Amino acid sequence: MDDKVRLLKQFYASMDVTQIKLEVRDYGFSFMNVLSRSCTIDYSELSRLVHKYRLSNVPLWIYDYLLKQHIEGNGNVCGYFHREANNVFCFNLDNSAKTDTDSITDEMQTTLWKLKMNLEALEIRPLIVQSGRGFHVWCRISAMIPNEELSHFMCSMVLRVQDFVKFSKLDNTKVNIGMYPNRNNEQQTNSLRLIGSTHVRTKAFSRIICGDDLHLLPDADFWKYLESHMYWNTVTPQQFRKSAKEQKDRYFTKSA
């Protein structure tokens, strides 16, 4: 197996590999016909010259093949979280401004910086990836955690970050913070693009953001960094629950 495919499968080991969303630019109905022989195509659409398919009952060999295409820049694989429990969770930061949506606004910069600082203060070191109009902030645990626990932790974190942005005299409504997995979405119909890809429409690579100064890691170092990050920064369930309790006790427990 390709080492990069192996790393991606390891990072997303808890995700539901039997269903994916596939985004490709150059494949059309003939490609869909080939896929239909091995998978179930739940829907397909053409949006801004990008073909999008939602596939279910995906066999492992098809998943591996599409991950390789994802890595080689021939399309994007978007993954679905399990409905009950996961070992990865993600904050999806999107610029909600009506204009200048491709630039990094003060609100986005402050939101990302504060989210990173808050997580690291709880000994959770995220993997931050630039994505479209914003960033994906991934956190990884060595075993599955119920989605309800993940959701409580993420919601609390988002409230803290939004309060800080507002306190900084910035508009905290200019950055949307999506949370994955979404506890309120029992069907898990929302997918998220996996890391390590070139965006099928913009052709921008999903670059890693590093350091307190939030600098961009050279693209050539992506896979080496990812492997090191998984080794050093995957937290145990015990550590995650300790961090969640510390956040609750420090910021959300009212004094008697």
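A short reminder: the numbers here are calculations on the coordinates, not readings from a lab. Model, not experiment: these values are computed from the prediction. When we count neighbours, we look across all protein chains shown, and the Cβ atoms used for this are built from the backbone with ideal geometry, even at glycine.
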Residue (of S103, L170, H229) at the positive-pole extreme of the chain, dipole from beta-carbon charges
L170
For K52, counting only aspartates and glutamates whose alpha-carbon sits under 12 Å away and dropping same-chain residues fewer than eight positions off, the answer is E23, D26, D42
Cross-link reach list, lysines versus K224, counting only Cα pairs under 27 Å and skipping chain neighbours closer than eight places
K4, K9, K21, K68, K114, K116, K203
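Per 0.36 nm of contour for each residue apart, how much would the distance between V34 and T18 grow if the chain were fully extended, relative to their Cα-Cα spacing?
Values: separation 16, 0.36 × 16 = 5.76 nm, distance 1.71 nm.
In short, 4.0 nm is gained.
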Kirkwood-based Rg/Rh on the Cα set of the stretch 123-256 evaluates to 0.97
Calculate, in nm to one decimal, what S228 and N74 gain on full extension: separation in residues at 0.36 nm each, minus their alpha carbon distance.
52.9 nm
If r is the Cβ-Cβ distance from E120 to D64 and R0 is 25 Å, what FRET efficiency results, to the nearest 0.05?
0.15
If I model a spin label as a point 7 Å beyond the Cα along the Cα-Cβ vector, how far apart are those points for L214 and S103 in nm?
1.5
At least 24 Å along the helix axis (C-alpha) and Kyte average at least -0.5, DSSP helices within the chain
147-167
Label selected from (1) 18.4, 66; (2) 19.4, 60; (3) 20.1, 66, the criterion being Rg and Dmax of the Cα atoms in Å as computed here
(1)
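Evaluate the relative contact order of the stretch 3-80 (contact order divided by residue number), counting alpha-carbon pairs under 8 angstrom at least 6 apart; express in whole percent. Walk me through the numbers on the way to the answer.
On the way: 112 pairs, mean separation 33.6, N = 78.
With pairs under 8 Å counted, the relative contact order is 43 percent.
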